[in-house]
Amino acid sequence: MTGLMVPPSVLYAKPAARSRDGLAASQSRDAAAAGARILAQGGHAVDAAVAVSLALGAVEPWMSGLGGGGFATLWDAKTREVRCLDYGMIAPQAIDPADYPLTGGPTAEGFFGWPGVIEDRNILGPHSVAVPGVVSGLNLAHRTYGRLPWGDLVQPAIALAERGLSLDWYGAMSLLVEAKGLDRFEATRSVYLPGGRVPQPFEEGVPVFLKLGRLIDTLKRLAAPDGPERFYRGDIAADLVRDLQAAGSKIALADFERYQARFIDPVAITYRDAKVYAPSGLTAGPTLKRVLTEWLERLPKGAAPEPAHYAIYAETLDRAYRDRLQNMGASDSEARPSCTSHFCVADKDGNVVAWTQTLLSRFGSFVLSPSTGILMNNGMMWFDPVPGKPNSIRPGARPLSNMCPTMALSPKIGALAVGASGGRKIMPSVAQILSFMLDFGMDLDRAFHCPRIDVSGGDVALIDRRLGRPVLDAVAKSMKAELTDLAPYPAQFANPSAAQAVPDGNKLGATDLASPWSGAVTPSDLQ
């Protein structure tokens, strides 16, 4: 089970960044640099998070953007308070379960645990679009914590959108793997498949960039002081709704007008000498609490994780996911690979943010609003199409989510923000990184370089090949297990990022080893 391989000497080493002035860590180094620029201007961690979030829509639009939603966890160093932000997508009020008639068989994509829907209309196309929450979440966070003017935070995204999408091998591949879906809708095809084909990636080091349609104009409108208001109750909303309704969506302007991001209570977990916080409700936060609670009781002491520890990791994750899939929402598998953006920011004052946002599937619904250049989510995908279930389709409902932006606080580690992208693989990644640091005393760099396993509700436990036969054999005593490799695509493990404000005043940042674009950027890196 392998993907596109990178030589191990390159793949398995990505040192953590260090700075006293703060940093941003993202699966896109370009987006992280946008956040670092805001930190260099004296911005709060939330100001930088706004800049990173908006930039991601221009540099990895298949993962997230203005048409998506998500969750964040924030640590305020002055008030010593942790808050969680819910800006998830919501089903339109006019949605009717009858809009999603069942085929009588499995989904055509073959990965859902629930029955398929005619035309896969809950997975792609206009019927799969839910009301987006990203802009509302950014606005609420900025109004609560921000220091710099809103318009300043949008400028890095505008610059990246004007430059265009980087078409190196990874950028071109990201279009290629979903070319069939992109070709289904004229507006999407015209932007991402110019001339009806995947653009040629650059050769011999000559950069090539793909223009992103009307997204530049929308970002410029969004940069106005009333930009977030215009997105939900003004001209941007009107343009979006007009385009979506023309495509067949039931989203109405009233859905945008009533949308409001909110702060929610975190799940609080005592683990070793740390307090761990993650979003509550229909996220992976409650499942993380279950896993850590069992590890607290079962994991033996040790200087480093051994096969016995990985076996307990696997057994606990397996039980937790089977319960989650049965009781929280029948199944929350992804019909297409889940594509999410996660990033973390720490500022010079020790404020730390863990931020996760998504379109759900790669390129979301594949529906692009031609008037705005915004790619829309397929948030209806995570609802069970069978009525009467815990996660069934209902007007105005919020779907089950795998996102898990997490904060850990202790005298030894200070404030650690960590999270990941990768669908159901997110929580196992976050939990193991926490264990590496809190059970075995690893610093952030060592924790990110320590091999992990993935057990997230599938039939087979995936074991990083670097762990070798002893760990494979230990895990295989309780379930099927396979050795596999770190790879950019298909990703066998989640794509984590973290930022840490350590007690000595330094800020550390680390990102996924396998991702060719990920990186942590400090203000001094921009000089």
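In table form, for the structure just shown:
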{"quantity": "Neighbourhood charge, 9 Å Cβ-Cβ cut-off, centred on ASP47 and excluding it, Lys, Arg +1 and Asp, Glu -1", "calculated": "-1"}
{"quantity": "Which listed pairs, of LYS275/LYS507; LYS14/LYS507; LYS289/LYS507; LYS275/LYS412; LYS412/LYS507, have C-alpha distances above 21 Å, in listed order", "calculated": "LYS289/LYS507"}
{"quantity": "Counted charge near ALA481, where neighbours are those whose Cβ lies closer than 15 Å (Asp, Glu -1; Lys, Arg +1)", "calculated": "-2"}
{"quantity": "Segment 215-254 pair-distance distribution - Cα-Cα, 10 Å bins, rounded %", "calculated": "33, 48, 19, 0"}
{"quantity": "Reciprocal of mean inverse Cα separation for segment 405-446 (Kirkwood radius, Å)", "calculated": "10.7 Å"}
{"quantity": "Within the chain, helix-based [θ] at 222 nm, where runs of 4 or more DSSP H residues each add -39,500 (n - 2.57), nearest 500", "calculated": "-10000 deg cm²/dmol"}
{"quantity": "For segment 101-238: rounded, prolate or oblate by the Cα gyration tensor [a/c cutoff 1.5]", "calculated": "oblate"}
{"quantity": "Kirkwood Rh, angstrom, the chain [1 / mean 1/r, Cα pairs]", "calculated": "22.7 Å"}
{"quantity": "Inter-centroid distance (Cα atoms) of segment 116-158 relative to segment 247-290, Å", "calculated": "14 Å"}
{"quantity": "Residue-wise HN-Hα coupling along segment 123-129, computed from phi with Karplus coefficients 6.51, -1.76, 1.60 (Hz; x: Gly, Pro)", "calculated": "10, 9, x, x, 6, 8, 7"}
{"quantity": "Prolate/oblate/rounded call for segment 386-512, Cα gyration tensor, a/c under 1.5 rounded", "calculated": "oblate"}
{"quantity": "Segment 186-224: GluC sites (Glu not before Pro) falling in loop per DSSP and having at most 14 other Cβ within 10 Å", "calculated": "GLU203, GLU204"}
{"quantity": "Intensity falloff of segment 25-177 expressed as log10 I(q)/I(0), Debye formula with alpha-carbon point scatterers, at q = 0.09 Å⁻¹", "calculated": "-0.39"}
{"quantity": "Ranked VAL134, VAL208, criterion: other C-beta atoms within 10 Å, fewest first", "calculated": "VAL208, VAL134"}
{"quantity": "Order of ILE426, ILE95 under a 10 Å beta carbon neighbour criterion, fewest first", "calculated": "ILE95, ILE426"}
{"quantity": "Calculated P(r) of segment 372-458 - Cα pairs past 21 Å, %", "calculated": "49 percent"}
{"quantity": "Per-peptide average of other Cβ atoms within 10 Å, ordering 13-23, 115-125 highest first", "calculated": "115-125, 13-23"}
{"quantity": "From phi via Karplus (6.51, -1.76, 1.60), per-residue ³J(HN,Hα) for segment 512-518 in Hz, x at Gly/Pro", "calculated": "4, 6, 7, 6, x, 9, 6"}
{"quantity": "√(5λ) per eigenvalue of the Cα gyration tensor, segment 204-363, largest first, Å", "calculated": "39, 21, 19"}
{"quantity": "Ascending count of other beta-carbon atoms within 10 Å, so fewest first, for ASP347, ASP217, ASP464, ASP323", "calculated": "ASP323, ASP217, ASP464, ASP347"}
{"quantity": "Per-residue ³J(HN,Hα) for segment 82-96, Karplus 6.51 cos²θ - 1.76 cosθ + 1.60, θ = phi - 60°, Hz, x for Gly and Pro", "calculated": "9, 10, 10, 10, 10, 10, x, 6, 10, 5, x, 5, 7, 4, 10"}
{"quantity": "Size of charge dipole - the chain - debye, nearest 20, with Cβ of Lys, Arg +1 and Asp, Glu -1, no other charges", "calculated": "560 debye"}
{"quantity": "Rounded if a/c under 1.5, otherwise prolate or oblate - segment 163-299, Cα gyration tensor axes", "calculated": "oblate"}
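Laboratory data are not the source of any read-out in this text; all were calculated from the coordinates shown. Just so it is clear, the model here is predicted, and its values are computed rather than measured. Reconstructed Cβ throughout: ideal geometry from the backbone, glycine too, with neighbour counts over all protein chains shown.
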